[in-house]
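Quick notes on the structure that follows.
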Amino acid sequence: NAGVTQTPKFQVLKTGQSMTLQCAQDMNHNSMYWYRQDPGMGLRLIYYSASEGTTDKGEVPNGYNVSRLNKREFSLRLESAAPSQTSVYFCASSSGGGSHNEQFFGPGTRLTVL
Amino acid sequence: GDSVTQMEGPVTLSEEAFLTINCTYTATGYPSLFWYVQYPGEGLQLLLKATKADDKGSNKGFEATYRKETTSFHLEKGSVQVSDSAVYFCALSDRATSYDKVIFGPGTSLSVIP
């Protein structure tokens, strides 16, 4: 039982390049999330997927797109990376349904945009 | 809207000292409350939770009591260890959504010195 896995762990991009961050969970969770973590800003929700087939914007969606590929996988795409997107990105999952369930987090992807 | 406020860090303590990290929240309904911990280079993991007023969550020697009258959920530990050095996030979960929406505080960094 691996929990939530993310790839890659580290990435360096040049301004304007694109990339996709991958996330998968093996806990049969319905809901999945993408956060970014910046010094002094805490965790900010980028996008979430309440259930397979649905995605919605969070607090800071500009510059990102997501795909809920199936129940297990939820990817985050940067179409044209900018230095402001330098951050640590975390994927999380939870049972869903609004029953106050905890979220389980992956180990993070550390992205630097030059 | 709902929000979480927690004490500013960083906090530096000597080993075996008593720890308190203050957390207060604002919510319109009856949220569940959480403490998450993030060790260096890792994702967040749930430390403890409480789902209703006067509940006490506990884990690994840490405790927090859900105080509805003061809208607080302070984290305490009687004797900290070097291995407790981490960032601690207070959080709340809002019931009125189709997913497990969690609002995080800004985090409090704890360093424990031998």
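Read-outs throughout are calculated quantities, based only on the coordinates presented, and are distinct from any laboratory measurement. This is a predicted model, so every value here is computed, not measured. Quick reminder, even Gly has a Cβ in these numbers, built from the backbone with ideal geometry, and neighbours come from all protein chains shown.
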*Search the stretch B:103-114 for residues being touching a Phe, Trp or Tyr at 6+ places or on another chain (Cβ under 7 Å) and at negative phi, and hand back the single one that is nearest to the other protein chains (Cβ to nearest Cβ).*
B:PHE104
_Looking at B:GLN81, B:GLN45, B:GLN6, B:GLN38, can you tell me which residue is touching a Cys at 6+ places or on another chain (Cβ under 6 Å) and of a type in the set (S, T, N, Q)?_
B:GLN6
*For A:ILE46, all conditions in the list (1) surrounded by fewer than 19 Cβ atoms within 10 Å (Cβ to Cβ); (2) closer than 28 Å to B:GLY9 by Cβ; (3) more than 13 Å from chain B (Cβ to nearest Cβ) hold save one; what is the number of the exception?*
(1)
*Among the strands (runs of 3 or more DSSP E) confined wholly to the stretch A:22-93, which include 1 or more residues that are in contact (Cβ under 8 Å) with a residue 60 or more places away in the chain?*
A:31-38, A:74-78
*In the list A:ARG36, A:ARG44, A:ARG72, A:ARG68, which residue meets the criterion of being farther than 20 Å from B:GLN45 by Cα and charged (D, E, K, R)?*
A:ARG68
*Please enumerate the residues belonging to the stretch B:81-102 that are in contact (Cβ under 8 Å) with a residue 40 or more places away in the chain and crowded, with 21+ Cβ neighbours inside 10 Å.*
B:ALA86, B:TYR88, B:PHE89, B:CYS90, B:ALA91, B:LEU92, B:SER93, B:VAL102
*Mind checking which residues of the stretch B:43-90 are of a type in the set (D, E, K, R), more than 30 Å from A:THR109 (Cβ to Cβ) and within 11 Å of the chain's Cα centre (by Cα)?*
B:GLU63, B:GLU76
*Name the pairs: first residue in the stretch B:1-29 and touching a residue at least 12 places away in the same chain (Cβ under 8 Å), second residue aromatic (Phe, Trp, Tyr) and not in a strand (DSSP E or B), Cβ to Cβ under 6 Å, at least 6 apart or on different chains?*
B:CYS23/B:PHE73
_The conditions are (1) touching a Pro at 6+ places or on another chain (Cβ under 8 Å); (2) on the phi < 0 side of the Ramachandran plot, and A:HIS100 fails exactly one of them. Which is it?_
(2)
*Collect the residues in the stretch A:75-114 that are among the charged types (D, E, K, R) and closer than 19 Å to B:LEU44 by Cα, keeping them in residue-number order.*
A:GLU102, A:ARG110
*For residues that are more than 9 Å from chain B (Cβ to nearest Cβ) and of a type in the set (Phe, Trp, Tyr), tally how many sit in the stretch A:81-114.*
1
*Determine which member of the set A:LYS71, A:LYS14, A:LYS57 is surrounded by fewer than 13 Cβ atoms within 10 Å (Cβ to Cβ), among the basic types (Lys, Arg) and either out of contact with any helix residue (DSSP H, G or I) (no Cβ under 7 Å at 6 or more places or on another chain) or more than 9 Å from every other protein chain (Cβ to nearest Cβ) (or both).*
A:LYS14
*From B:LYS49, B:LYS60, B:LYS56, grab the single residue that is within 14 Å of chain A (Cβ to nearest Cβ) and either more than 23 Å from A:SER93 (Cα to Cα) or crowded, with 20+ Cβ neighbours inside 10 Å (or both).*
B:LYS49
